[in-house]
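Take a look at the structure below.
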Amino acid sequence: MDAFARRISALSAEGRRLAALALMALMAACPAAARAQDPGQVDSAYLYAVSLMEGLRGHWEQSTALLKMAAEGDTGSAYLREELAQRYQDLGMGPKAVEALEQAAKAAPGDLQAQLRLAQACLARKQWDKAKAAYQQALALAPGDEEVLRALGALAMARGESEEALDWLGRCLAAHPDSLHARLLKAACLAQMGRGDEAVAEYRAALAQDPQAGSAYLQLAQLQGELGRPQAAEEALCQGLAQLPDDPELTDSLARLEQGRGLWAEAAASFGDLARLEPDSADARLSQGLNLLRSGASGPARAAMEPLSATAGEHQAVLLSALGMAADGMGDSAAAVGYFQASLGLDPSIEAAYGQLADLYQRLSRTAEMLPLLEKGVAQLPKSADLWSLLGAAYLDADKPELARQRLEKACALGLDSPQLHYQLGVACDRAGDTAQAERELDRVIEAEPGNAEALNYLGYSLADRGVELDKALDLLKRAVALEPENPYYLDSLGWAWHRQGDRERALYYLGRALGLMKGPGKDRDEVQGHLRAVQAGKPELTPAPAAP
């Protein structure tokens, strides 16, 4: 019956239908005397044939019930039990599949494959003890079998029994020193145990054994990365590509590693290689363009991405935003605006596009379009602290500090909290005349970010300009200048604070440095000159200092 069932299962659907019909016709014509000699065998064959017919008709419940009856008959074969297990597995009835395989293994205790199938089914359901027992039974049938020893090692690893896993894998390699799979499992086990250098050595031994083992390069690179050795990880992938230059998985891994390390030009080249290997991959071409963009190569980035504009699919909005950045970098402002607007039209949740388009509007003096754009942004993305900060800054640029304060306080009421948000709120409060709240907000920023030179300068100058807390003002401004010693705005603020403190010599020194670093004519330079003239004249009157850029 086993051989018969195996031959039928190998047939096409039409072949199985014809075989089942022939078998049922034979059973109908079979003399009673012949059937009486082995009724169980005849019943199993007949039930199996009818089961096949029901399955071909799509009647899976009836087919499975008949197959079960055939498999469990007195003379039902081990193979039928295995086929029943596969049927259960196909129907998503895992526990019944394991039960059928247990019966098959019991019916044929000397069948190595039956034991292995049972072990694999138990392993898939994480029935570790049953899986181990089945593998050990298989090992008793085939002592030293590579597959069984390796499987026992993998099972021990899955259970977290690393020492036992190493023992099984060691036995496997002792008997089969050329087993690449066992060596790779041993390397993974050592890595799992935190024995990174030993794992690296095993991976290298595996690669010496088979330089074409692409998965080994990938696993070695991943391990080197986890060990904090990005350069070694990159070397492993490069070695792999020297052996397998057209391997897309190695190429993709190298590209992503380079991107993660901030090697934008190198990542762009690797993503370009990946696009060549996978010409239908819009992701590869888009990633190439984005990395070219990050490297400052706006023209090549635009050239790489523009052909995708009709085929990018789900990435269309991201692509258009990236093209906007590329066009902006090339000085093509009109195209950049169009790309950003199209991007947000397709997907109004792209946060970066709001900020990039708002910045572009500001540079193009299209400030009337900034506020509606950013209002739309915070409506679409109310949890974006960055967009609320940009909106507050836009209202401040429009000389609407009260509106800026209202919008920023609404952001805080939503539970948002970022130094930039509180910085803008501090500026808004200061310009609205609430200097006490402004100081609280700016102190909060400085506490969170002691190296925030912009906040140090703003609060320091505000205090000095009002002639209050001059010691604190000087401390804040000294810290700002220490962070950015060539910033003319910070030097101007510090010079003015020394003037308010009554130290004319230091005031002249810092104001002179500020004026020397201020580039070109303009309002900012005029204000520094105004401070310098006031100090030279010995006048303590308050003169507004320029805000830092």
Problem set entry | Cα gyration tensor shape for the range 175-221, rounded if a/c is under 1.5, else prolate or oblate | oblate
For this session: With a Förster radius of 56 Å, plug the Cβ-Cβ distance of Asp197 and Asp347 into 1/(1 + (r/R0)^6) and report the FRET value to the nearest 0.05.
Result: 0.75
Exercise. Once phi is turned into ³J(HN,Hα) by the Karplus curve 6.51 cos²θ - 1.76 cosθ + 1.60 with θ = phi - 60°, what whole-Hz value does each residue of the range 272-284 show in order, with x for glycine and proline?
Worked result: x, 4, 5, 5, 5, 6, 10, x, 8, 8, 5, 4, 5
For this session: Just list whichever of Lys132/Lys186; Lys410/Lys472; Lys96/Lys126; Lys96/Lys130 have alpha carbons separated by over 22 Å in the model shown.
Result: Lys410/Lys472
Exercise. Rounded to a whole number of µm²/s, how large is the Stokes-Einstein D of the range 320-359 at 10 °C and 1.306 mPa s, given Rh as the Kirkwood radius over C-alpha pairs?
Worked result: 168
Problem set entry | Among Val535, Gly522, Leu491 the positive-end extreme of the charge dipole of the range 485-540 (Cβ point charges) | Val535
Problem set entry | the range 410-515 shape via C-alpha gyration tensor axes, a/c threshold 1.5 | prolate
For this session: Starting from the Cα of Lys478, draw a straight line to each of the aspartates and glutamates and keep only those under 17 Å, dropping any in the same chain fewer than 8 residues away.
Result: Asp443, Glu447, Glu449, Glu454, Asp465, Glu469, Glu486, Asp492, Asp503, Glu505
Problem set entry | Added length on full extension, which subtracts the Cα-Cα distance from 0.36 nm per residue, Ala303 to Asp526 | 75.9 nm
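Computed from the coordinates by the stated procedures, all read-outs in this text should not be read as laboratory data. Remember, it's a predicted structure, so these values are computed and weren't measured experimentally. FYI the Cβ positions are ideal-geometry reconstructions off the backbone, even for glycines, and counts take in every protein chain you see.
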